[in-house]
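Chemist: There's a structure below that I have some questions on.
The values are calculated or read from the model by the stated rules, or taken from the named source; none is laboratory data. Just so you know, these numbers come straight off a predicted model, no measurement behind them. Cβ: placed from backbone, ideal geometry, glycine included. Neighbour counts: every protein chain shown. These accessible areas exclude ligands, DNA and RNA; they are computed on the full protein's heavy atoms, side chains included. Shrake-Rupley method; radii C 1.70, N 1.55, O 1.52, S 1.80 Å.
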Amino acid sequence: MNKYMAEFVGTFWLVLGGCGSAVLAAGFPDLGIGFVGVALAFGLTVLTMAFAIGHISGCHLNPAVSIGLWVGGRFDVKDLVPYIISQVLGGIAAGGILYLIASGQAGFDLAGGFASNGFGEHSPGGYTMTAALITEVVMTAMFLIVIMGATDSRAPAGFAPIAIGLCLTLIHLISIPVTNTSVNPARSTAVALYVGDWAVSQLWLFWVAPIVGAIIGALIYKVMAKES
């Protein structure tokens, strides 16, 4: 249960920190942190939690990462479903806290998106479903390659959280305009459930694409890192 609690708390922090920065601070008049600030916030949540709970649960915070690590031979299948449940519940709890905070501002409206991921008219840059699908698959694949490489026993010890956190920051810098960046089904679900409507109807892509991408990334790393 310690591992599952750690994944709950870690994913709670990822959603509260990452989505919270987007909802509360990104567009704040004059002092808004913008896309760069949101990207950094997501990276910092993973970096800080990797140091805080990495030794307890491995700090997946993401169903796609858990599935990818299982495919890559780094994770026991018996923990897969409990991890995913813990991550999704942690994200939803953070979404609830964020809603309570954000709704305390006059004029708050969920129609603004509440940091939900989307494509077409709900993409920040108006990108198509195909563009969104490709983006989420490729970005998640690269994320898994970095995660598996940074945590490889042959990699420099102690630096994995930094590499992984910076990788997630870079992924957001690239893809926020396309989908608002998911690469994480728990993060997407956490806010989509509060928005409902279009956010829920488009949620399938932000489960399918990250999971497919994670599997591809894990398989690429297994082949690439295989010792001859």
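Chemist: Of all the residues that make up the stretch 194-227, how many are surrounded by fewer than 14 Cβ atoms within 10 Å (Cβ to Cβ) and either touching a Pro at 6+ places or on another chain (Cβ under 8 Å) or among the basic types (K, R) (or both)?
Modeler: Residues meeting the conditions: 1.
Chemist: Take A52 and tell me if it is buried (at least 24 other Cβ atoms within 10 Å of the Cβ), small (G, A, S), in a helix (DSSP H, G or I) and out of contact with any strand residue (DSSP E or B) (no Cβ under 7 Å at 6 or more places or on another chain).
Modeler: no
Chemist: Return a yes/no flag: does the stretch 82-90 have any residue that is more than 21 Å from V212 (Cα to Cα) and not hydroxyl-bearing (S, T, Y).
Modeler: Yes - at least one qualifying residue is present in the stretch 82-90.
Chemist: Follow-up question, since we're still on this one. Return the residues of the stretch 66-109 that are among the charged types (D, E, K, R), open to solvent by 70 Å² or more (accessible area, probe 1.4 Å) and closer than 23 Å to N2 by Cβ; say none if nothing qualifies.
Modeler: R74, D76, K78
Chemist: Inspect all residues belonging to the stretch 72-82 and state whether any of them is touching a Gly at 6+ places or on another chain (Cβ under 7 Å), more than 15 Å from N184 (Cβ to Cβ) and not in a helix (DSSP H, G or I).
Modeler: no
Chemist: Name the pairs: first residue in the stretch 11-32 and among the aromatic types (F, W, Y), second residue not in a helix (DSSP H, G or I), Cβ to Cβ under 9 Å, at least 6 apart or on different chains?
Modeler: The qualifying pairs are W13/L61.
Chemist: Something else: Where in the stretch 112-228 are there helices (runs of 4 or more DSSP H), lying wholly inside it, with at least 2 residues that are over 23 Å from T45 (Cα atoms)?
Modeler: 129-150, 197-201, 205-225
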